[in-house]
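K.L.:
Take a look at this one; I'll ask things after.
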Amino acid sequence: MTLASYLRDRLPSACVRAASLALVALALAAYGVEVGVVTLVTAVLAAGEAVALLVDFWRRCGFYQRLDRTADGLAEHGVAYLASELTREPATLEEAAFLDALRRASKSMADQVAIMRAEQRDYRDYVETWVHEVKTPIAAGSLVAANNPGPVADAMDAELGRIEGYVEQALYYARSTTLDRDFQVREVVLADVVRAALRRNARTLIDARVTPELGELGLTVSADPKWVEFMLGQLMGNAAKYRREDAEAGRLRVWASRRQTGMDAWETLLFVEDDGVGIPPEDLGRVFDRGFTGANGRRYARSTGMGLYLVRELAGKMGLTVSIDSEQGRWTRVTLAFPASARR
């Protein structure tokens, strides 16, 4: 609130006071009061009105500025609706009425937030339970296929593997809303996580005739290995899905390096690069959007637009950053950047 906006707001009442003051001056003059006395009385009353306006502005401005600062501070944490609870007690009846209305609105918002969080928690619990339950028949189907080798069984096993991949996506999507469970950051060697992801996605890469090539992976980072393994699995699945049709085999390169970010701080970069169909330039800026499939998604019917979205979401939850570069028709490279730490 500025002084100009305050005066504009008070303009109607100020006009009424000015008109009243003019009538008083005219009445005094009509009764024969000396002009000097009339002028003095008018000036004193006008000055009193001006001082009263300034004092009222200063008091109101202080109240609203304190409220704004509190709201701005809480907005950084997404709880600006709690500003009324942390604001100093009001000094006037008007401020008290305003704060009372604001607190009732804040309480209603807090109640709704609590309800939504409870519903979200129940939904996540249901999805996690469902995923663990559905894995049982998937594993049983895979076991049946393994015990009855043949082209049909192999095809069925491949489809079961895809189903399991989509089920994993559903599980991690539900968990991406919160990391209060099943999330443990510890020091891990990138080679261990990469090899675990390769073992888990070996069937997909073999069926697509994609050969992995591993570079330097002996670096240690702080992360949850299970979550990083899932993210790498999504990238490996994309390498298999978007292999060039004109090539006899595809190539998947995975390597890591470190770059200095401070005096004694280093950032670890993990690169996952394939030589597939690449991404059109017009789609490159949107590939991390939820459900976005782009030109390649319309060409490949199995694309869901959720893989890279989950990679970005989970990376953000763990404090990692992810970026992507591509040249259409030649290659795609995804880079995972782990937080800076002291060099080992």
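The values are calculated or read from the model by the stated rules, or taken from the named source; none is laboratory data. What you are looking at is a predicted structure, and each value in this text was computed from that prediction instead of being measured. Neighbour counts are summed over all protein chains in view; Cβ atoms, including those assigned to glycine, are modelled from backbone coordinates with ideal geometry. In case anyone asks, the SASA skips ligands and DNA or RNA and just uses the protein heavy atoms, side chains included. Shrake-Rupley method; radii C 1.70, N 1.55, O 1.52, S 1.80 Å.
K.L.:
Taking the alpha-carbon distance from K241 and a cut-off under 12 Å, which aspartates and glutamates remain once sequence neighbours fewer than 8 residues away in the same chain are dropped?
P.N.:
D207, D274, D275
K.L.:
Go ahead and set up a Gaussian network model of the chain, Cα springs under 10 Å, then flag whichever of G250, G237, G48 fluctuates most.
P.N.:
Largest GNM mean-square fluctuation: G48.
K.L.:
Send over a whole-number figure in Å² for the accessible area per residue of the chain, probe 1.4 Å.
P.N.:
Counting only protein heavy atoms, the per-residue value for the chain is 59 Å².
K.L.:
To continue, here is another question. Can you list the aspartates and glutamates whose alpha carbon is less than 19 Å from that of K107, not counting same-chain residues fewer than 8 positions off?
P.N.:
D68, D72, E85, E89, E95, E119
K.L.:
Pulled fully out, how much extra length does the chain show between L93 and R286, if you take 0.36 nm times their separation in residues and subtract their Cα-Cα distance?
P.N.:
Extending this stretch completely gives an extra 64.3 nm.
K.L.:
Using C-alpha positions alone, give me the convex hull volume of the chain per residue in cubic angstrom.
P.N.:
223
K.L.:
OK, next. How about K226: which aspartates and glutamates have a C-alpha closer than 17 Å to its C-alpha, ignoring those fewer than 8 places off in the same chain?
P.N.:
E128, E164, E168, D180, D182, E187, D192, E313
K.L.:
Using θ = phi - 60° and the Karplus relation 6.51 cos²θ - 1.76 cosθ + 1.60, list the HN-Hα couplings for segment 107-121 in order, rounded to whole Hz, with x at every Gly or Pro.
P.N.:
Working through the residues one at a time gives 5, 4, 5, 4, 5, 5, 4, 5, 5, 5, 5, 5, 5, 5, 5 Hz.
K.L.:
For segment 207-344, give the magnitude of the charge dipole about the Cα centre (Cβ charges: +1 Lys/Arg, -1 Asp/Glu; no others), in debye to the nearest 20.
P.N.:
Around 220 debye, computed over segment 207-344.
K.L.:
Additional query: Using the Cα centre of the chain as origin and beta-carbon charges of +1 (Lys, Arg) and -1 (Asp, Glu), tell me which of L252, L28, A96 is placed farthest towards the positive end of the dipole.
P.N.:
L252
K.L.:
Give, rounded to the nearest 20 debye, the magnitude of the charge dipole that the chain has about its Cα centre when Lys and Arg contribute +1 at Cβ and Asp and Glu contribute -1 at Cβ. Could you put the intermediate results ahead of the total?
P.N.:
Working: 43 positive and 46 negative charges, 49 e Å.
Rounded to the nearest 20 debye, it is 240 debye.
K.L.:
Which order do M306, M236 take by accessible area at a 1.4 Å probe, largest first?
P.N.:
M306, M236
K.L.:
Sticking with this structure for a sec: Gaussian network model of the chain, Cα springs within a sub-10 Å range: biggest mean-square fluctuation belongs to which of A315, A101, A52?
P.N.:
With Cα springs under 10 Å in the chain, the top fluctuation among A315, A101, A52 is at A52.
K.L.:
Which residue fluctuates the most in the chain, going by a Gaussian network model with Cα springs under 10 Å, if the choices are D289, D192, D207?
P.N.:
Judging by the Gaussian network model, the answer is D207.
K.L.:
Shifting gears a bit: Once you have the Cα-Cα distance between R209 and A170, take 0.36 nm times their residue separation minus that, and quote the gain in nm to one decimal.
P.N.:
Residue separation times 0.36 nm, minus the Cα-Cα distance, leaves 11.4 nm.
K.L.:
Further question on the same structure: At a Förster distance of 35 Å, what's the computed FRET efficiency of R121 paired with A340, Cβ-Cβ distance as r, to 0.05?
P.N.:
0.55
K.L.:
Same structure, new question: Would you work out what percent of the accessible area of segment 126-256, with all protein chains in place, is carbon or sulfur (probe 1.4 Å)?
P.N.:
Roughly 54 percent, rounded to a whole number.
K.L.:
Taking Cα centroids, how far is segment 242-296 from segment 2-24 in Å?
P.N.:
So the two Cα centres are separated by 66 Å.
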